[in-house]
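Below is one structure, written out as structure tokens; the observations come after it.
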4 protein chains.
Amino acid sequence: MTLIRERRRIGVIGGARADAGSLETAAQLGRLIAGAGAILVCGGLGGVMEAAARGAQSAGGLTVGILPGSSPSDANPFIDVPIATGLGFTRNSLVAMNADVLIAIDGEYGTLSEIAFGIILGKKVIGLGTWDIRGVLLAGSPEEAVGLALRSVSPSDAAKDGKIGR
Amino acid sequence: MTLIRERRRIGVIGGARADAGSLETAAQLGRLIAGAGAILVCGGLGGVMEAAARGAQSAGGLTVGILPGSSPSDANPFIDVPIATGLGFTRNSLVAMNADVLIAIDGEYGTLSEIAFGIILGKKVIGLGTWDIRGVLLAGSPEEAVGLALRSVSPSDAAKDGKIGR
Amino acid sequence: MTLIRERRRIGVIGGARADAGSLETAAQLGRLIAGAGAILVCGGLGGVMEAAARGAQSAGGLTVGILPGSSPSDANPFIDVPIATGLGFTRNSLVAMNADVLIAIDGEYGTLSEIAFGIILGKKVIGLGTWDIRGVLLAGSPEEAVGLALRSVSPSDAAKDGKIGR
Amino acid sequence: MTLIRERRRIGVIGGARADAGSLETAAQLGRLIAGAGAILVCGGLGGVMEAAARGAQSAGGLTVGILPGSSPSDANPFIDVPIATGLGFTRNSLVAMNADVLIAIDGEYGTLSEIAFGIILGKKVIGLGTWDIRGVLLAGSPEEAVGLALRSVSPSDAAKDGKIGR
């Protein structure tokens, strides 16, 4: 296991309301992200955010939720490290800042703003049935999306093997 | 003339770098907005933001610039009321908050984030040669764009005639 | 009259709830600030903020309110240029950023945070019956406070006379 | 061990520059916080922030740093979960939001702003050789400060024993 600090951070972005298929996709993304030893970063609320966090926790992963409200207790039950911001939807840029790479699922305009901030920050944004925006790399399955995400993180940013974890 | 408080606020969003055609479009938008008695709101920096503010000032209008940096003096020379935020590009949501309606010209991902926040806030977003996003109302000319913008602002939000201005 | 852009901006900070004496002091500060041709910047809500804006408007001044909420219509009725931020009390730092100098009246912990941010930003903070914090210059009357404020703004920041206003 | 989510979060606030005594106090606070099973939250940079995080990590604790910049890699080497905000010193309010209780050491005006936000949020603020502000509970030693901090967190907010950690 690697140090928390050195683990890759993969953001999953998508709507607070989503259909059953998107929720299952999100949960599968969470499981794959945790399985790869990466940390899940998301917006900390319901829908896609909760499903991804639930999936990641079920596979033993660590989850971070960047919340719009000012209370950490607003987080969904599957967030290990809730971060309150009090910024409302203005916090969307912070979700993009705190991931090495983003995977967007479905989603409405909040997701669109996060895609935009991710690209502004020079991060790879991978899409699964989401906005077909220039600059978004479309994936056909959760497996492909997580594979692309892991490969996009440069070795210098990524986890080093062989360290003792905490 | 109406009270400043009661004047409609029209946001013009677009890139800090833009080609000559987009800059002329922005300047024309600024002139039309000022000519209609509305206040121009923008991001306060260069490119489309500066051209629109220059156009608005040339027609006697009032200009507000919501800046990413922490110093009001970062504003372009055509901003009457510079507002420093220190938020970096996270300030994009504040541009959308402070306009009754948005007109997007050209632009890259910062503009895309502002379009997204405008729609999240329930505001009309009018596009001129910009991102063709679901929810953006495309216009064919600056005149049409400003006409659409003015009509989109509900009477209760808009300027009332006959008041003494300040 | 000078250009809006070149007018000094004086912030008045204090509580949303204040006693009658503090409110009268705030109104007097507003009148003196407007009388000196400076712009009043405040937090845009009630109490000291509203009294100062009312005073400034009554003397023909221009008022800017930096609001915690996401709607410009949250401003008190005496704000000419309401700026919505959606940041909650995190917006306190933006009040400090957008004034050349601050005058604090009475106030609780929100005022204390604004005093702190003003000093961090290297601005003069003048106090009238407020927190007696190292670095705050105490004044004995509104007249003295505004006099100190006007003198603290360096000529390069301040209004130049003889320009035609807008 | 308790779930990360259920562990108490204690903020340590203080200057990026501090004398040797304050740094040793900060490191001792970090060790005591970690020893009590609580998470250390701080501003993520140098000085008191780094010393506290170093102390916490040395005792096997988890550390969260809420950073002013937009890159998680700005964090000091002892931060496990760096959170980038891009807000500059405006992020100070987020440090207060993300702790159940705050301990202030020494510090200048940034620390003062964090004390103010802590009290606004209704949190206990404990001081060790810092600003003597109404509302701050003064402690005489790191042991007393951490003891007060732990007792101030209500049982409903605090860690429950006997759960299996992750």
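Over the protein assembly as shown, all Cα pairs binned in 10 Å intervals from 0 give whole-percent P(r) values of 3, 16, 25, 25, 19, 10, 2, 0, listed from short to long. A P(r) calculated from all alpha carbon pairs of the range C:70-139, with 5 Å bins opening at zero, reads 3, 17, 25, 22, 18, 11, 4, 0 percent.
At R0 = 30 Å, how high is the FRET efficiency between residue A:148 and residue B:19 if r is their beta carbon distance? Nearest 0.05 is fine.
Details: r = 33 Å, r/R0 = 1.10.
That pair, residue A:148 with residue B:19, gives E of 0.35.
Summing charges over neighbours of residue C:18, with a neighbour being any other residue whose Cβ is under 11 Å away from its Cβ, gives -4 when K and R count +1 and D and E count -1. For the pair the range C:28-100 / the range B:66-99, the C-alpha centres are spaced 17 Å from each other.
Per-residue mean of foreign Cβ neighbours for D:58-67 is 2 (Cβ atoms of other chains, 10 Å radius). The same position residue B:59 in the other copies lies at 3.5, 5.5, 6.5 nm from this copy, comparing label points 7 Å beyond Cα toward the beta-carbon, shortest first. Sorted shortest first, the distances from the residue B:46 label point to those of the same residue in the other copies are 3.2, 4.7, 4.7 nm; each point sits 7 Å from Cα along Cα-to-Cβ. Here's how it looks for residue A:107: its modeled amide H is under 5 Å from those of A:15, which are all 5 or more places away or on a different chain.
Before we go on, tell me the buried accessible area for the C/D pair, both chains summed, 1.4 Å probe, in Å² to the nearest 100.
On the way: alone 7780 and 7790 Å², together 13750 Å².
The summed interface area works out to 1800 Å².
Charged neighbours of residue A:120, selected by a Cβ distance under 11 Å, balance to -1 (K, R count +1; D, E count -1).
With the contact rule set at Cα under 8 Å and sequence spacing of 6 or more, what percent relative contact order holds for chain A?
On the way: 408 pairs, mean separation 43.4, N = 166.
RCO, chain A: 26 percent.
Here the range A:1-125 is treated as an ellipsoid with the same Cα gyration tensor; its semi-axes, largest first and in whole Å, are 18, 16, 15. Less than 5 angstrom separates the built amide H of residue A:124 from those of A:102, all sequence-distant by 5 or more or on a different chain. Expressed as a whole percent, the accessible area of the protein assembly as shown that falls on carbon and sulfur atoms is 52 (1.4 Å probe). Among chain A residues, the one whose Cβ is nearest the axis of the rotation from A to C, given with its distance rounded to whole Å, is A:87, 3. Take each residue of peptide A:29-39, count the partner chain Cβ atoms within 10 Å of its Cβ, and average: the result is 0. Of the residues making up the range D:132-148, those losing 20 Å² or more of accessible area when the isolated chain is joined by the remaining protein chains, with a 1.4 Å probe, are D:133, D:134. To the nearest 0.05, what FRET efficiency results for residue C:132 and residue C:3 with a Förster distance of 22 Å applied to their C-beta separation? Calculated transfer efficiency: 0.05. For residue C:39, nonlocal amide neighbours, meaning residues 5 or more places apart or on other chains whose placed amide H falls under 5 Å from its own, are C:8, C:9, C:10.
Rounded to the nearest whole Å², what accessible area per residue is found for the range A:1-50 with the 1.4 Å probe? Display every interim value, and only then the final one.
Details: 1710 Å² over 50 residues.
With all protein chains present, the range A:1-50 gives 34 Å² per residue.
The HN-Hα couplings worked out from phi for the range D:98-115 by the Karplus form 6.51 cos²θ - 1.76 cosθ + 1.60 (θ = phi - 60°) are 9, 10, 7, 7, 10, 10, 9, 10, 6, x, 10, 6, x, 4, 4, 5, 5, 4 Hz, whole numbers, x standing for Gly and Pro. Net charge dipole, chain D: roughly 580 debye, given to the nearest 20, about the Cα centre with Cβ charges of +1 for Lys and Arg and -1 for Asp and Glu.
About the Cα centre, and with charges only on the beta carbon of Lys, Arg (+1) and Asp, Glu (-1), how big is the dipole of the protein assembly as shown? Nearest 20 debye, please.
Numbers: 60 positive and 60 negative charges, 1 e Å.
Magnitude of the dipole: close to 0 debye.
Modelled spin-label separation between residue A:73 and residue C:73, with each label point placed 7 Å from Cα along the Cα-to-Cβ direction: 3.3 nm.
The values are calculated or read from the model by the stated rules, or taken from the named source; none is laboratory data. This one's a predicted model, so the numbers in the text were calculated from it and none came from an experiment. Here the Cβ is made from the backbone with ideal geometry for all residues, glycine too, and neighbour counts use every protein chain on show. These accessible areas exclude ligands, DNA and RNA; they are computed on the full protein's heavy atoms, side chains included. Shrake-Rupley method; radii C 1.70, N 1.55, O 1.52, S 1.80 Å.
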